[in-house]
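Contents: one structure, followed by commentary.
What follows draws every value from the coordinates through simple rules; no lab data is involved. Computed from a prediction, not measured in an experiment: that's the story for all the values here. Note that we place each Cβ from the backbone using ideal geometry, even for glycine, and neighbour counts take in every protein chain shown.
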Amino acid sequence: MVIKVFLASSSGSTAIKKKQQDVVGFLEALKVEYTPLDIACNEDNRMWMRENVPSEKKPSNGIPLPPQIFNEEGYCGDYETFFNAKEDNLVYSFLGLDPPPGSKEEDEAEAVEEEEEDDVDETKEDE
């Protein structure tokens, strides 16, 4: 699976530059492989990003701003949803990736699975 991060190499917006740096820096810190795709220099990248961001995620003017994050063809989210996932320790789930062994996210996923198994076992006992 390839994580694609759509970026603007020549953005005049300081806010966009900071958001892009935050996403890329965090992915690099986690050692998540990703492909940066520039929408400023490559019209095909820009059009693909605009066409593949879900309409409910586009701003009122209809033009999504970078960074936008995809797993292959599947939309993961924009900076805001990435930031929320980061705050909740759910970046791997956000990206559609399996969390690494020993990570906080893996521990939480295992706890949820155990709860679901316990619920199923209790349901079977009640029958």
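A few notes on this one:
- Among Ser60, Ser11, Ser93, the largest mean-square fluctuation in a Gaussian network model of the chain (Cα springs under 10 Å) belongs to Ser60.
- Crossing angle, helix 14-29 versus the chain [Cα axis fit, 0-90 degrees, rounded to tens]: 50
- Fully extending the segment from Ser13 to Thr81 would add 22.5 nm, taking 0.36 nm per residue of separation and subtracting the current Cα-Cα distance.
- Per-residue Cβ neighbour counts within 10 Å put Asp78, Asp22, Asp88 in the sequence Asp88, Asp22, Asp78, beginning with the fewest.
- Between Asp107 and Ser55, residue separation times 0.36 nm minus the direct Cα-Cα distance comes to 15.3 nm.
- For the chain, calculated [θ]222 nm from helices alone, where every DSSP H run of n ≥ 4 adds -39500 (n - 2.57): -15500 deg cm²/dmol
- Read-out volume of the Cα convex hull per residue in Å³, derived from the coordinates shown; its label in [x] 158; [y] 104; [z] 140: [z]
- For the chain, share of DSSP beta bridges that run antiparallel, in % to the nearest 5: 60
- Computed FRET value (nearest 0.05) for Thr35 with Glu115, which takes r as the C-beta separation and R₀ as 35 Å: 0.45
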